[in-house]
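First the structure, in the form of C-alpha cells, and then the observations on it.
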Amino acid sequence: MGRKNEIMKKSVGIDYGSFESGGIVFDYEKMMAEAGYSLDEIIAIQNEVTVGSTPLIELKNITNLARQVSSTGQAARIFVKDEACNPSGSFKARRAATAVYHAKKLGYKGVIAATSGNYGAAVASQAAKHGLKCIVVQECYDSNKIGQPEILEKQRACEAMGAEVIQLSVGPELFYLFLKLLEETGYFNASLYTPFGIAGVETLGMEIATQFKEKFNRLPDVVLSTHAGGGNITGTARGLIKAGAKDVKVYGASVDLSGLHMASDTAFNKKSFTTGHTGFGIPFASFPDRSDVPRNAARPLRYMDRYLLVKQGEVFYITEALAVLEGLERGPAGNTSITAAFALAQTMKNDETIIVQETEYTGAGKHQMAQLSFAKANGIKVEFGNPEEEIAGKNIILPKDPSMIKLRDFDLNKIRKSYIKNCLNNYGIKGSDLTNEDIKFLAEETKTDEGLVREAINSL
C-alpha cells in the first residue's frame, strides 16, 4: 500500500507527479491531455470496435404520461441515448475501448479492472477484441457468501467474454489485492478514472449534441446523467462543451440510499442498486481522489448544474413503465436518470427537452424482478404506497400512482463545501494558508467563483 503510487505509475504509464504542485492545486487539463488522443481519434478507435454511434430515441409515451400527471398539463419532451446498444450493453464500452486500445498500443499483455459493475464486462469485451488477457476484481459477497443477483450477472458476462473474475467479500482488501495483481502480472490498470477512460465518454456528449442538432436544428435544454463515480457526467459534459453545447444544463441523478453505509457487511445486501446511488454519488463528488489512481480524471462538481435524487421504488416503477409503454426493456440502474427526467419534465414546458444520457442492458440478475425478489429474501418489505415513506434497507415502496414520483434536489453547495473541507483535511492545509492559485483551483473544481470559495472556507 505504501508503494501504491509507484505501482500505479507503472501500470498506467502516467507520471501523476508531473501535474502536481505539492498541495491542493494540480493541472487537470494537462492530465486530461495525457490521454494523447483527439476527439476525432477516439471516435475512430471506438468505430473500429463498433462502440458508440448509438440511437437517440424519443420516449413519446413516457412524455405523454408525464403530461397527464403534471399539475400544469405540461412536461418537457424526454429522449434517451440508448447505450445498451454497445457491445457490452452500457456506455462504459466507450471508457473501455479507449483504455484497452491504449494498453495494447503500449505493449501490455493484459488489463485489470476493479469493479463490480458494467465496466468489468466492457473491459472484458474490449480485451477479447484486442486479444489481451483480462482480470476483473469484484466486490461481490457479504461475509455469508451471499452475492447480489446484479453483481453475479455481471460476473457471468465478464467470464463469458473470457475474463478471469476474482470475487471478494465487501471490505478494504479489494484495493490491496488490486495493487498486488497489478504488480505481479505487469498488466495495464484499465481504471474507470484514468484520462483514457474519461476521454472515451466525451464521444457520448459529442454525439448527443450533434444528433439532436441534426434532428431538430437546436440543442437540448438539459442532459441528465446517472451519477455514481462521476465519470459519466464528466466525460459527457466535456464532450458537450467540445461540440459547442457549453450552455446545455448538465444534471446528475442518484438513487437515494441514505442511511446505508456502503462499506458495511450487513448493509451490503440491503441495497437493491449496486451503482448509480448516493453511496457512490456523494463521496465521489465530495472527494474524487478516493479512487484507484492518484488523481481522478472524473471531477463531477466541475460540470454538474443540479443533483437530483430518486427512490428505489420509483426507479423500479419507471423500469417497468419503459418496457410496457415504450417497448424498451433496460436495466434498473440505468433507468435512474429516466426516473428523474420523468419528475423533472413536469416542471418544464412542452417545447423544452431533456436527454437522458444512457441506458444499460438487462437480463438475469439485472432484471427488476430478480432485484425485488432478492430484496424480499433479505427482509426488505416491498409494497405499493408513497415513495416518500421509503427507508433504504427497510422497505421499497413502488408508487401507487405515477404522480407520486417526485423531484428532490440535493444541495450542491453542501457537497461543494464538503469537497473544500476534504481538500484541506486530506492535504493538511489550513484555510488561512491557501494561495490565490488554490482558491482559483477550488472555484474551478466546484463550478463556483472565488468569492463563494472564500465564504465556504470562512464558514468551516
Can you pull out the residues in the range 28-69 that are on the phi > 0 side of the Ramachandran plot, small (Gly, Ala, Ser) and either under 22 Å from the mean Cα position of the chain (by Cα) or at pLDDT 95 or above (or both)? Gly52, Ser53
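Counting just the residues of the range 225-255 that are assigned to a loop (DSSP other than H, G, I, E, B) and out of contact with any helix residue (DSSP H, G or I) (no Cβ under 6 Å at 6 or more places or on another chain), which one comes out most open to solvent (accessible area, probe 1.4 Å)?
Taking the range 225-255 first, the residues assigned to a loop (DSSP other than H, G, I, E, B) are 227-230, 243-248.
Then keep just the ones that are out of contact with any helix residue (DSSP H, G or I) (no Cβ under 6 Å at 6 or more places or on another chain); that gives 244, 246-247.
Working: Gly244: 56, Lys246: 147, Asp247: 126 Å².
Per the criteria, the residue is Lys246.
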From the list Phe384, Phe374, pick out the single residue that is aromatic (Phe, Trp, Tyr), without any contact (Cβ under 8 Å) to a residue 60 or more places away in the chain, surrounded by fewer than 21 Cβ atoms within 10 Å (Cβ to Cβ) and closer than 24 Å to Gly259 by Cα. Phe384
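Just the residues that are over 16 Å from Phe287 (Cα atoms) and outside any helix (DSSP H, G or I), please, taken from the range 445-455.
Listed by number, the residues that qualify are Thr448, Asp449.
Matching residues to (1) aliphatic (A, V, I, L, M); (2) within 22 Å of the chain's Cα centre (by Cα); (3) buried (at least 24 other Cβ atoms within 10 Å of the Cβ); (4) not in a strand (DSSP E or B):
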| residue | (1), (2), (3), (4) |
| --- | --- |
| Tyr119 | no, yes, yes, yes |
| Ala122 | yes, yes, yes, yes |
| Ser125 | no, yes, yes, yes |
| Ala128 | yes, no, no, yes |
| Val136 | yes, yes, yes, no |
| Cys140 | no, yes, no, no |
| Lys145 | no, no, no, yes |
| Glu150 | no, yes, yes, yes |
| Glu153 | no, yes, no, yes |
Of the listed residues (Leu260, Leu309, Leu328), the one being part of a loop (DSSP other than H, G, I, E, B) and either crowded, with 24+ Cβ neighbours inside 10 Å or touching a Lys or Arg at 6+ places or on another chain (Cβ under 7 Å) (or both) is Leu260
Name every residue in the range 155-179 that is in contact with a helix residue (DSSP H, G or I) (Cβ under 9 Å, 6 or more places away or on another chain) and in a helix (DSSP H, G or I), in order of residue number. Gln155, Arg156, Ala157, Cys158, Glu159, Ala160, Phe175, Leu179
Show the residue pairs that are 6+ apart or on different chains and have beta-carbon atoms under 8 Å apart, the first residue being within the range 439-450 and at positive phi and open to solvent by 80 Å² or more (accessible area, probe 1.4 Å), the second being charged (D, E, K, R) and not in a helix (DSSP H, G or I). Lys447/Asp305
Please go through the range 161-217 and give me each residue that is among the aromatic types (Phe, Trp, Tyr) and either open to solvent by less than 30 Å² (accessible area, probe 1.4 Å) or under 21 Å from the mean Cα position of the chain (by Cα) (or both), ordered by number. Phe175, Phe178, Phe188, Tyr193, Phe196, Phe212
Keeping to the range 392-444, report how many residues are hydrophobic (A, V, I, L, M, F, W, C), modelled with pLDDT of 95 or more, more than 23 Å from the chain's Cα centre (by Cα) and outside any helix (DSSP H, G or I). 2
In the range 69-100, which residues are surrounded by fewer than 23 Cβ atoms within 10 Å (Cβ to Cβ) and in a loop (DSSP other than H, G, I, E, B)? Ser70, Ser71, Thr72, Gly73, Gln74, Asp82, Pro87
Meets criteria (open to solvent by less than 10 Å² (accessible area, probe 1.4 Å), modelled with pLDDT of 95 or more and assigned to a loop (DSSP other than H, G, I, E, B)) for Ala298: yes
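The values are calculated or read from the model by the stated rules, or taken from the named source; none is laboratory data. Please read all numbers here as calculations on a predicted model, not as lab measurements. When we count neighbours, we look across all protein chains shown, and the Cβ atoms used for this are built from the backbone with ideal geometry, even at glycine. Surface accessibility is based on the protein's heavy atoms, side chains included, excluding ligands, DNA and RNA. Shrake-Rupley method; radii C 1.70, N 1.55, O 1.52, S 1.80 Å.
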